[in-house]
Amino acid sequence: MVLNKEWFVKILNVRKNLRITSVAVCSVIILASCATPSMRELADANDLKIGCAIQAGDLVTENREVIVNENFNLLLSENGMKWANLHPNQRFWNWSDVDHMVAYAEEHNMEVKGHPLVWHSQLPTYVKLMETREQGIEYLQDEISTVLERYKGKITQYDVVNEAINDDGTMRESIWYTKVGPDFIDLAFQMAHKADPTAKLIYNDYDVAFKGGAHADACYELVKGMVERGIPINAVGFQLHLCGDQPFNEKALRDNIKRYEDLGIEVEFSEVDVRIPASAGDQIYANQELVWKSLFTVALTEPNVSTFAMWGYCDLLSWIPPVFPGYGQAHLYDKLYQPKPVYNDIKKLLSENINK
Ligand code: XIL
C-alpha cells in the first residue's frame, strides 16, 4: 500500500482520537505500508503489549524463534526466574537463561517482564528451611535487590508477589506468610521499589479476574489495602488460565477491571491460556474461540488493560497437560507449530481496532 496525504491525515486523526503514543503512530505508518502485518506490529499499533512466557530453547530453535519474534513485543521466562532455578544455592546465581532473554529482547526491541520475585512454589531447599522472620527478610532483600539492580532499565516490570491468596479468599499459609508474617507482601513491594524506583510493580494471581468470586474479591481487597497503606504497587495481573468448556462472564471481567481503574491500579492479562478437554467436540472448540476473542475484545476496549501476555504459544510445549490431566490445546499454535483459525480472528480484531 502506498502512503499518500489521505493516509497521513487518517493517521493523525487516529492519534488525536485515541491519544496514543508516537510509537503507536509510527507503527500505524509501518502497517499502512505492509501487506500482512504481524501480530506484533498490530500490537504496537494498538499500543498494547502482547507478551508470552517462553522457554530457553525457544530463542535458539529456528522455527520457534521466528514465532516469538513475529508475535510478541513483551517476553517473560516461563521458569528461568523462579527462585529454585535462578538462585538454587545461596552462593550460586544461574543468570544465563534470563540474561539471554534480556539480550534477545533488547536486540529485537521488546520489553521484558520479571516473573516472579516472591512465590510459594519452585523454591530452593535453603529458602524452604528458613527458620526466622529475620532470615526470611534477609532472603527477600537479597533476591529482590540483586535481581532488580542487575536488570535496571532492562526489565521494566515485575510480578513482585505471585499467588498469595487461597481459592476461598483466605491468605495462603506459605513459608513467607508463616515465617516472615502477613506483611511479607508489603515488604517485598517496598524493597522492589527501593531497588528500582522506575519498575512497574505487580501483584499476580489466578482466578482473580472476575468480580464476585471469593478469590477475586479477596485480591481486590488486598490490593486496595496496599494502595491505602501507600505501598508502591502499580498493577494487578489476572493470570486467566481459563477453560474453553466454561461460559465466559464478560461483565464480571469488565466490572473488575473498572474497580481497579478507580483505585489507580492498572490491569495486565498476565498468563492467558484457554484449555479444553481431549474429548472436545465442535461446540467446545467454538466456545474456546469465543473466549479467546472476548478476552482480546475486552483488552482492546478497556483502557486500563495495558498487557495481554500468554502462558506459552504452542500446544507442543505446553505446561497444561501435566498439570491438568485430560486437558490441552490451550494455546494459539498447534503441536505442529501452525497457527489455529482463532489466531487469524485475533489479528483481524487487532487490525479493525486500529481505526476505531
Ligand atoms: C508453571 C510452568 O509453566 C511450569 O513449567 C512449571 O512446572 C510450574 O510453573 N502460574 C504461574 C506460573 O504464575 O509461574 C506457573 O508456571 C503456572 C501458573
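Numerical summary
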| read-out | value |
| --- | --- |
| Sole exception among (1) at pLDDT 95 or above; (2) under 28 Å from residue 41 (Cβ atoms) for residue 355, by number | (1) |
| Spans of strands (runs of 3 or more DSSP E) in the range 223-305 with at least 3 residues surrounded by 21 or more Cβ atoms within 10 Å (Cβ to Cβ) and either within 16 Å of the ligand (Cβ to nearest atom) or of a type outside the set (Phe, Trp, Tyr) (or both) | 235-238, 266-277 |
| Residue list for the range 199-222, filter: part of a loop (DSSP other than H, G, I, E, B) and within 19 Å of residue 140 (Cα to Cα) | 199 |
| Subset of the range 141-172 (residues that are assigned to a loop (DSSP other than H, G, I, E, B), under 17 Å from residue 206 (Cβ atoms) and either at pLDDT below 95 or more than 14 Å from the ligand (Cβ to nearest atom) (or both)) | 166, 168, 169, 170 |
| Of the criteria (1) within 16 Å of the ligand (Cβ to nearest atom); (2) more than 22 Å from residue 314 (Cβ to Cβ), which one residue 80 fails | (2) |
| Residue in the range 107-119 that is of a type in the set (S, T, N, Q), over 30 Å from residue 58 (Cα atoms) and assigned by TED's automatic domain parsing to the domain that holds residue 71 present | no |
| Residues of the range 74-95 that turn out to be without any contact (Cβ under 8 Å) to a residue 24 or more places away in the chain and polar (S, T, N, Q), as a count | 1 |
| Selection from the range 251-267 of residues that are in contact (Cβ under 8 Å) with a residue 12 or more places away in the chain and not acidic (Asp, Glu) | 252, 253, 254, 256, 257, 258, 259, 260, 263, 264, 265, 267 |
| Unmet requirement for residue 138, which otherwise passes all of (1) within 21 Å of the chain's Cα centre (by Cα); (2) of a type outside the set (S, T, N, Q); (3) more than 16 Å from the ligand (Cβ to nearest atom); (4) part of a helix (DSSP H, G or I) | (1) |
| Counted residues, the range 97-126 - those being away from the ligand (no atom under 16 Å from the Cβ) and part of a helix (DSSP H, G or I) | 10 |
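The values are calculated or read from the model by the stated rules, or taken from the named source; none is laboratory data. Owing to the predicted nature of the structure, the values given are computational and were not obtained by experimental measurement. Cβ coordinates were reconstructed from backbone atoms using ideal geometry, including for glycine residues, and neighbour counts include every protein chain displayed.
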